[in-house]
1. Hey, can you tell me all the residues within segment 8-66 that are more than 30 Å from Gln121 (Cβ to Cβ) and of a type in the set (S, T, N, Q)?
2. Somewhere in segment 165-175, is a residue away from the ligand (no atom under 12 Å from the Cβ) and farther than 16 Å from Met258 by Cα?
3. Is it the case that Asn95 is assigned to a loop (DSSP other than H, G, I, E, B) and not assigned by TED's automatic domain parsing to the domain that holds Ala229?
4. With the checklist (1) hydrophobic (A, V, I, L, M, F, W, C); (2) open to solvent by 10 Å² or more (accessible area, probe 1.4 Å); (3) in a loop (DSSP other than H, G, I, E, B) in hand, flag the one item Ala289 doesn't pass.
5. Would you mention how many residues in segment 189-231 are open to solvent by 60 Å² or more (accessible area, probe 1.4 Å) and farther than 17 Å from Ser146 by Cβ?
6. Any residue in segment 116-140 that's within 20 Å of Gln51 (Cα to Cα) and free of Cβ contacts under 8 Å to residues at least 12 places away in the same chain: show its pairings with residues that are open to solvent by 60 Å² or more (accessible area, probe 1.4 Å) and not hydroxyl-bearing (Ser, Thr, Tyr) at Cβ separation under 6 Å, as long as the two are six or more apart or on different chains.
7. Of everything in segment 159-181 that's over 15 Å from the mean Cα position of the chain (by Cα) and of a type outside the set (S, T, N, Q), which residue is most open to solvent (accessible area, probe 1.4 Å)?
8. Being open to solvent by 60 Å² or more (accessible area, probe 1.4 Å), in contact with a helix residue (DSSP H, G or I) (Cβ under 6 Å, 6 or more places away or on another chain), assigned to a helix (DSSP H, G or I) and of a type outside the set (D, E, K, R) narrows it down to one of His70, His122, so name that one.
Amino acid sequence: MFELEKPTPLQQIYAPLFLEKGVEVFLKREDLIDVDISGNKWRKLKYNLIQASELGFQKILTFGGAYSNHIAATAAACKRFGFESVGIIRGEELNANSNPTLRQATEYGMNLKFITRSDYQHRDDKVWINDLSEKYQAFVVPEGGSNEAALKGVKELVDEIDINFDYILCPIGTGGTLAGIIQGLVAKQKALGISCLKGEGYLEQMVQGLTKKTESWALIHNYHFGGYARFDSHLIGFINQFYEAHGIPLDPIYTGKMMYGFFDLLKKGKFPDGSRVICVHTGGLQGIAGFNAQHNDLLKT
Ligand SMILES: Cc1ncc(COP(=O)(O)O)c(C=O)c1O
């Protein structure tokens, strides 16, 4: 019942740098999983929705910022699979018309509740969450959708990969996607998470807490460009160039930073000759419209 079309394509991409360094590079096109419920968002939601349904819930409640991919995807998934949805949004100054993400979530029927940044700090507080669950009679999914049920769904994307590989890369926000990927690794495969926000130490703990595994993964903190949603002209130039060269859009918050980091690490000789590398395109492309509206259409579409 809770299925979208899959497996997602594994697309080899080519660049002079890959030849020079002797590596093969593939993109796992999770962005193509669904137009509205894209990428890692669906993988993380799938078993949460199944659990909610088994427990008899008809409503899903979750949390996010003003441009949250998770909010957009949860609203769309709930509509698709017959749940009502509530989104607790950080920022009491916002409204359902503030940007394309919030407008779209509202169109999908999500009931948006805008709260102060200080109230939003309680989003992981069990008592507060229980109160919300009771108040709205809703199954609560954490911010970013990262919990144990999410890992099971994300692991499925690794299980779908039918070639041998040495490295798999993904962008990091809350850590659930990397943790799920780690669950799917075999033999000497290594997972690298490119952190898209400032969270050294804290993010390692998050991933560790979810996966329980200590080996075969690492986080890289050199490519967050100053923090969440921060960017500079190098990042934007890279994303636009990548789009021109490969016809594949990247978002500026997550996948753009991952691919920028990957190219830079490759240039610096961090991947041995002969490596086969998978980069997970986790989607997030809905955010480009909001970004372009705010920043003078910097990104080519
Ligand atoms: C497009 C995209 N990629 C990657 C991530 C990061 O995933 P995680 O929060 O599981 O680390 C997110 C958001 O969470 C996202 O929206």
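1. Thr8, Gln11, Gln12, Ser53
2. yes
3. Spelling it out, Asn95 is indeed assigned to a loop (DSSP other than H, G, I, E, B) and not assigned by TED's automatic domain parsing to the domain that holds Ala229.
4. (3)
5. The number of residues fulfilling the criteria is 8.
6. none
7. Asp162
8. His122
The values are calculated or read from the model by the stated rules, or taken from the named source; none is laboratory data. Given the structure is predicted, the values throughout are model-derived calculations rather than measurements. All Cβ positions, even for glycine, are placed from backbone atoms using ideal geometry, and neighbour counts span all protein chains on display. Surface accessibility is based on the protein's heavy atoms, side chains included, excluding ligands, DNA and RNA. Shrake-Rupley method; radii C 1.70, N 1.55, O 1.52, S 1.80 Å.
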